[in-house]
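The values are calculated or read from the model by the stated rules, or taken from the named source; none is laboratory data. Remember, predicted model here, so these are calculated numbers, not experimental data. Cβ coordinates were reconstructed from backbone atoms using ideal geometry, including for glycine residues, and neighbour counts include every protein chain displayed. The area values use the complete protein model at the heavy-atom level, side chains included, leaving out ligands, DNA and RNA. Shrake-Rupley method; radii C 1.70, N 1.55, O 1.52, S 1.80 Å.
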Amino acid sequence: MSNEKKGASGAETTAQAKAKAIEEAAANLMKQAPGAAALEGLAAAADQAAATVKKTAKEAVREAKAAAQPVADAADDLLDFDDDDPLSATSVSKKSLVIFFLIDTSRSMVGKKIGELNTVMEELIPEIRRVGEADTDVKVAVLTFGTQVRWMYNEPILIEDFEWSRLRADGVTNMGEAFRELSARMSRNSFLNSPSLSFAPVIFLMTDGYPSDDYKEALEELKQNSWYKFGLKAALGIGSEANDEMLEEFTGSKETVVHAYSGGQLAQMIKIIAVTSAQIGSKSMTLSDDVNHELSEEEVRAAKQKLLGQQIQDSMTNLGDADAISLDTGW
Amino acid sequence: MVELSIGQEVEMEYGGKAEVLGVIGSGGQGTVYVVRYNGMKWALKWYDIDKMKNPKAFRKNIQNNISDGPPSNKFLWPKYLTKETPDGTFGYLMELKPESFDSFVDILNTYKLSVNPLTGRSTKTPVRFTSLYAMVTAVINIVNAFRQLHRAGKSYQDLNDGGFFINMDTGAVLVCDCDNIAPDGSNFGIGGKPGYMAPEVVRGVAKPNVQTDKYSLAVVLFKLLFRGDPMEGEKVVRDVCLTESSELKHYGQNAVFIYDPDDASNRPVRGIHDNVIKFWRIYPDYVKDAFIRSFTLGISDPNKRIIENEWQKIFIRLRSEIIQCSCGRTNFCSTFKQPDSKSFKCPQCGTIFDTLKFSNRKNRMPLYLGCVFYECEIDPDSEDFQTIAGELVENRLKPGVLGFKNMSNKTWSVKMPDGDYYDIPPGKGFPVWQGLVINFGEVTASL
């Protein structure tokens, strides 16, 4: 299809043929829709394009293309000769999934906790790069909360291009503030602005303590956000200070809250939760075990969240026991 | 989840050990490793039995598949089982995918990622068919593989884009992930992948079987040719967020094909579904009609789904209707002009192509240098779509003179320019002329 390869004379015949074809196409259109004045104009444009062929082939191609465009638009079934190659596909249209990591970077995280967390996240990102397969663009957004609440990057980044930037811990635990920020960004006008379909996001909270600010009101606000409502929520408490009730309030179910008491557990749990939730989030429904009747909307509602809880719990039973040094000692 | 580590040895069912060399990838059911066993490299699929409903029955089914053997050489079939570990975990060995094959996922993505193991950075390499011929051949091969499987009384169950490897130069196909394959009617817990599952499976009223395979096959073919989702159009995109209930609705209870002639509510959206919009215009009606039937009548009535043999005929015909013009334009003859009922004209350079009419079908085959026909096209009893029976070549001694070469193993009777019939044995050729008639036996062809 490209003219460059065939040299000037080839290009010229091609251009001539093109211009001629456009002429014919325009004439055809006239036949199909007599009286459409606009088409006459198009035919004239094509005529002119044909005339220019004698000057330079290149110019003619350009003009012919310009003339062809409105013709093609006018009649959708008319083939645009430049773009009817059955092999010239672009990637299939994809759904998008954003994984939000909400990470506690308060002072108590300093040392082994934040060190382990940074390392496991660095390793995790390449591992889940292909989780979206051909259906889903998986993006990652990281929100950290200490005294200040900040995003690692200004927008969710495609996982293939994501590079972890190491976190440092300092300050108090402004989790309520983080909930507010998350809610503000989980919007079609902000972070969830894919033109195509989106899966409900994955929201993964990691913390080692109790919020310093009044998180309750902020969490209530967050719960009004539809993306949050449909989203897959999981929480990881680090060390024994983390408050299970508070985390359950966040995820909405006991099964999606887990605790890590050692560095080894922390690494394993982050991986399990991130991989499982990304898989469920990006592929959505799987066949329920013993369904044998017409499923209702009611039955499938929050099925993913339930499945996530099940799979997290199943994986936990197989985790190696705490490897000697507890996360709460030795700092 | 019991992960294997590099260097670890796994005991095989009938003795010997497989040594883990590296990870290939993880899926919903487990992880695939590359291992060494008996001096050869193999792929080991190692299950996450926590996610299995009934690991014992699943293992028994694989055992049965191993002893039955693959339906043909198009399958990367389970070869050997491992012993069960004390907690019941197991896996199986299969042959490694050859380097020259690309995964269907990468094909749909149009690129593959290679990751630098040291930095973790990834680079993209384009993946696309090198010829239209290879693409249509791949489609024929996929359809044929499932025909063979179904004839063996088995169903694949979770047919999706993770199940194939394709050679982008030749169109050769390898079906992988054969571990869920089960006798038609049995199911060991696999449901399938959303978008590929038949509506009745999504709705919960049927388990995967041969009929649901047929639906999934139509989705696979649609995605390969049109590069989009047959059910994702305006109606679905309007939902913005694809929740469980919207999925149940759009892929189960109220699935509407994007080109349903009687329901325009779910047409593809410009800017999102550009591939489908572009390619739907290119394909001939008989191909589009087959998809329309699959995704309209075939949604509610599994018996109305296109059977593999019918798909095979459709795509063998499509392959014979490719025109490779000397100007570089390669496309289906439906996109060429038709100055009269017996010829095609290149819309780009104006070259005219004569056509050959076979007595066993209505459509005419366009002729160009290098075009071929296959055994199955000249012998009604043959299903061989891979062996070339004849090719249009240029006479070596008289440049510019085109003729057919008999590449079959039968002698044809051919009407020559002098008006008489001559025997053309295998390996010999004859010129193409206006009064040409070829008698293949039961089938004849004429210009």
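Over chain B, calculate the relative contact order: mean separation of alpha carbon pairs under 8 Å at least 6 apart, over the residue count, as a percent. Don't skip to the answer; put the middle values down first.
On the way: 829 pairs, mean separation 36.0, N = 447.
Relative contact order here is 8 percent.
Which residue, chosen from B:Gln253, B:Gln338, B:Ile299, occupies the Cα position most advanced towards the positive end of the dipole of the range B:239-379, where the dipole is computed from +1 (Lys, Arg) and -1 (Asp, Glu) charges on Cβ about the Cα centre?
Looking along the dipole axis, the top candidate is B:Gln338.
What fraction of the DSSP beta bridges in the protein assembly as shown is antiparallel, stated in percent and rounded to the nearest 5?
Values: 76 of 105 bridges.
Antiparallel bridges make up about 70 percent of those DSSP assigns within the protein assembly as shown.
Between A:Glu299 and A:Tyr210, what is 0.36 nm times their sequence separation minus the Cα-Cα distance? Round to one decimal in nm. Show your work: numbers first, answer last.
Working: separation 89, 0.36 × 89 = 32.04 nm, distance 3.46 nm.
Working it through step by step, the gained length comes to 28.6 nm.
Run the quick spin-label model on B:Ser5 and B:Ser100: label points 7 Å from Cα toward the beta carbon, then report their separation in nm to one decimal.
3.9 nm
Using a Förster radius of 30 Å, what is the FRET efficiency between B:Tyr421 and B:Ile352 based on their Cβ-Cβ separation? Nearest 0.05, please.
It comes out at approximately 0.60.
Report, for the range A:96-319, the % of DSSP beta bridges that are antiparallel, rounded to 5. Intermediate results must be reported in sequence, preceding the final value.
Working: 5 of 30 bridges.
In the range A:96-319, approximately 15 percent of DSSP beta bridges are antiparallel ones.
Which positions within the range B:312-342 get 10 Å² or more of their accessible surface covered by the other protein chains, compared to the chain by itself, with a 1.4 angstrom probe?
Going by heavy-atom accessible area, the residues of the range B:312-342 that drop by at least 10 Å² are B:Cys327, B:Gly328, B:Arg329, B:Thr330, B:Asn331, B:Thr335, B:Lys337.
In terms of modelled amide H atoms, which long-range or inter-chain residues lie less than 5 Å from the amide H of B:Thr444?
Those qualifying (amide H under 5 Å, at least 5 residues apart or on another chain) are B:Ser359, B:Asn360.
Relative contact order for the range A:96-319: what percent, with Cα pairs under 8 Å and sequence separation of 6 or more? Could the numbers behind the result be given before it?
Numbers: 403 pairs, mean separation 49.2, N = 224.
Reported relative contact order: 22 percent.
Once Lys and Arg get +1 and Asp and Glu get -1 on their Cβ, which of B:Trp412, B:Val115, A:Val300 lies farthest toward the positive end of the dipole of the protein assembly as shown?
The residue sitting most towards the positive pole is B:Trp412.
Just in the range B:171-238: which trypsin sites (Lys or Arg not before Pro) are loop by DSSP and have at most 15 other Cβ atoms within 10 Å? Please list the in-between numbers first.
Numbers: sites: B:Arg203, B:Lys214, B:Lys223, B:Arg227, B:Lys235, B:Arg238; in loops: B:Arg203, B:Arg227, B:Arg238.
Listed in order of number, the matching sites are B:Arg238.
Loop only per DSSP, at most 16 neighbouring Cβ atoms within 10 Å: give me the trypsin sites (Lys or Arg not before Pro) in the range B:351-435, ordered by residue number.
Details: sites: B:Lys357, B:Arg361, B:Lys362, B:Arg364, B:Arg396, B:Lys405, B:Lys410, B:Lys415, B:Lys428; in loops: B:Arg361, B:Lys362, B:Arg396, B:Lys410, B:Lys428.
Here the sparse-neighbourhood loop sites are B:Arg361, B:Lys362, B:Arg396, B:Lys410, B:Lys428.
If I fit a long axis through the Cα atoms of helix B:210-226 and take the longest principal axis of the Cα atoms of chain B, what angle between them do I get, 0 to 90°, rounded to 10?
60 degrees
Hey, can you list the residues from the range A:91-139 whose accessible area shrinks by 40 Å² or more with all protein chains present, relative to the chain by itself (probe 1.4 Å, no ligands or nucleic acids)?
Flagged in the range A:91-139: A:Ser91, A:Val92, A:Ser93, A:Lys95, A:Arg129, A:Arg130, A:Glu133, A:Ala134, A:Asp135.
With r as the distance between the Cβ atoms of B:Ile388 and B:Asn54 and R0 = 45 Å, compute the FRET efficiency 1/(1 + (r/R0)^6) and round to 0.05. Let's see the in-between values first.
On the way: r = 48 Å, r/R0 = 1.06.
The pair B:Asn54/B:Ile388 has a calculated efficiency of 0.40.
Find the sum over both chains of the accessible area lost when B and A are paired, probe 1.4 Å, and report it in Å² to the nearest 100. Show your work: numbers first, answer last.
Numbers: alone 21220 and 18080 Å², together 33010 Å².
Chains B and A together bury roughly 6300 Å² of accessible area.
Using DSSP to call loops (not H, G, I, E or B), can you name the GluC sites (Glu not before Pro) in the range B:334-436 whose Cβ has at most 14 other Cβ atoms within 10 angstrom?
Details: sites: B:Glu375, B:Glu377, B:Glu383, B:Glu391, B:Glu394; in loops: B:Glu383.
Qualifying residues, ordered by number: B:Glu383.
Please compute the modelled spin-label separation between B:Ser446 and B:Ile307, points set 7 Å along Cα→Cβ, answer in nm with one decimal.
Label-label distance for B:Ile307 and B:Ser446, simple model: 3.3 nm.
On the protein heavy atoms, probe 1.4 angstrom, tell me the percent of accessible surface of the protein assembly as shown carried by carbon and sulfur. Before the final figure, lay out the partial values.
Details: 16230 of 33010 Å².
C and S fraction of accessible area: 49 percent.
Within 10 Å of each Cβ in peptide A:155-162, how many partner chain Cβ atoms are there on average? Round it to a whole number, please.
Numbers: counts 0, 0, 0, 0, 1, 7, 2, 0.
Mean inter-chain Cβ contacts per residue within 10 Å come to 1.
Quick one: order B:Asp177, A:Asp214 from most to least accessible surface, probe 1.4 Å.
Accessible-area ranking of B:Asp177, A:Asp214, largest first: A:Asp214, B:Asp177.
With point charges of +1 on the Cβ of Lys and Arg and -1 on the Cβ of Asp and Glu, referenced to the Cα centre of chain B, which listed residue (B:Ile352, B:Val287, B:Gly185) lies farthest in the positive direction of the dipole?
B:Ile352
Given a Förster distance of 51 angstrom, what is the FRET efficiency for B:Asn395 paired with A:Glu127, based on the Cβ-Cβ distance and rounded to 0.05?
Working: r = 60 Å, r/R0 = 1.17.
Efficiency computed from Cβ-Cβ geometry: 0.30.
Could you pull out every one of the lysines with an alpha carbon less than 19 Å from that of B:Lys362, ignoring same-chain neighbours closer than 8 positions?
B:Lys362 reaches B:Lys288, B:Lys313, B:Lys337, B:Lys342.
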